[in-house]
1. Among Val74, Val97, Ser128, whose Cα projects farthest towards the positive end of the dipole of the stretch 20-174, with charges put on the beta-carbon of Lys, Arg (+1) and Asp, Glu (-1)?
2. Could you tell me which of Thr210, Val184, Val318 has its Cα farthest along the dipole of the chain towards the positive end, charges placed at Cβ (Lys, Arg +1; Asp, Glu -1), taken about the Cα centre?
3. Between Gln116 and Lys336, what is the FRET efficiency for a Förster distance of 56 Å, r being their Cβ-Cβ separation, to the nearest 0.05?
4. By its C-alpha gyration tensor, with a ≥ b ≥ c as the square roots of the eigenvalues, how is the stretch 29-155 shaped: rounded for a/c under 1.5, else prolate for a/b larger than b/c, else oblate?
5. Given charges of +1 on the Cβ of Lys and Arg and -1 on the Cβ of Asp and Glu, with all other atoms neutral, how large is the dipole of the chain about its Cα centre, in debye to the nearest 20?
6. What length, rounded to one decimal in nm, is gained on full extension from Ile36 through to His268, with 0.36 nm per residue of separation minus their alpha-carbon distance?
7. Reachable lysines from Lys57, Cα under 24 Å, same-chain residues fewer than 8 places away excluded?
8. Relative to the first principal axis of the alpha-carbon coordinates of the chain, what is the inclination of helix 169-184, with its axis defined by its Cα atoms, in degrees from 0 to 90 and to the nearest 10?
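Just so you know, all these numbers are worked out from the coordinates, no wet-lab data involved. Everything numeric here is computed off the predicted structure, so don't read it as measured data. Here Cβ is always computed from backbone atoms with ideal geometry, including for glycine, and neighbour counts include all displayed protein chains.
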Amino acid sequence: MLPQVANYEPSETGEAPLAKNTEWVQYSGSFSGKRITDTMPGAAGSSWYFFRYADPKNQKAFCSAEAANYWMPVDLYVGGAEHTVGHLLYSRFWTKVLFDAGLSPVSEPFKKLAHQGMILGPDGEKMSKSRGNVIPADDVAMTYGVDALRCYVCFLGPMDKDKPWSATGIDGVKRFLDRLHRLVIDETTGNCVATDEALIPDVARAVHKTIKKITEDIENMSFNTSISQMMILVNELYKYNCKSKKALMPLVQLLQPFAPHLAEELWHSMKGEGFVVTAPWPQFDAALCKDDTVTMGVQVNGKMRGTIEIPADASEEVAVQQALGLSTVTGALNNKAPHKIIYKAGKILNLIGGN
C-alpha cells in the first residue's frame, strides 16, 4: 500500500514526491531494501485503457469477464507511427500479462492496426510554430465551416500518407457541399425543393454504385475516394436535373460520417425519420452496380494492342470478333487467326499467335 502523502511537490533531487517519505522508502522486515518511488510510468496508464473503456463503472474489477469477452479484442487501433514501438509494445505486453494471469480472454489487444499520416504545412514540412507554417484549424472552421474542414482533411489523400495543406483545395470541397445543399434547399426561400419523383435508370445506377463504393471505402479507410465518389454523384444529379429524395436521402446518409452537421440539416429538411446518424445504412442493389458495357483491353501475346467496348457479359466469340476489327490487333497477329485465346468476360482478352 502506498502511504498518504501531504505534499505532492517533487523533491529537491527531482525524484517523485514519495522519495520524501524516507520511513516508507527504507523498508525493513524479513529483509531490508529501498522501495522504488517511480511507482507507475506514464505508458502504463495508456497501455490497458481499452479494457477499462469496456467496463468503466466497475468498482470491483478493472473489467469484468463478461465485458472483456464481449468487447475484446479491439477491432481497430488507429495511431501515429510513433506508437509502433512505444504504445503498441506496452499494450501488447500488458495484455499478455493479464492473459497469463487469467484476467483477459485474449492475448493480443487489437485485431487491426492503422497509422494515419500527418497533415503537413503548405510548405510540405511538419507543422511547427518555429517554421511558421501552422494552419489553425479553428480559423479554417470559422471561414469554411467545420464540415468542409472535416471533408477536406479526408479528401487530401490516402489516410495513411502525409499530406500537405493547400489553401485553395478546400474551396473545391466547400463548393461541393454548397452544390449538394442547393439540390435540397432553395437558397432564396430556405424551403426544401427535394421531390418524390422516381429515378431514371442512369441515376439509379449512379446512386447504387455510390452506396457500394463508399460502403467498401469506409471499411478500407479510403476516405478520400469516398469524397470523390460523392462529388461524382452530385455531378450526375445536376446533369439530369435530379432532386429526388430517392437519390438525395441515401447520399445524405453517406455524407453523414464526413459532414455530420450538414447531413443532419438536409435529412430533417427532407423529413427523414429520426436522426440521420441513427438511420439504417443504405443498401445497394448489386444488379444496378454492374455496368452494361465495359471497356476492355486487348492483348496480343501479352502486349496491349487496343481496347474494345463490349457488353460486360459478352461471349468469347463476340469479344474476339470485335478485337479482330482493330488493325493494331490483326497487324500484331500478322493477319493470321490466333492459336490460343485467353478470355475472361469483362476482365481480359489475350490472343496468342501471329509469330
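1. The listed residue farthest towards the positive side: Val97.
2. Val318
3. Efficiency, from the Cβ-Cβ distance: 0.50.
4. Cα axes put the stretch 29-155 in the prolate bin.
5. My answer is approximately 840 debye.
6. The span from Ile36 to His268 would gain 77.5 nm if fully extended.
7. Cross-link targets: Lys96.
8. Roughly 70 degrees between the two axes.
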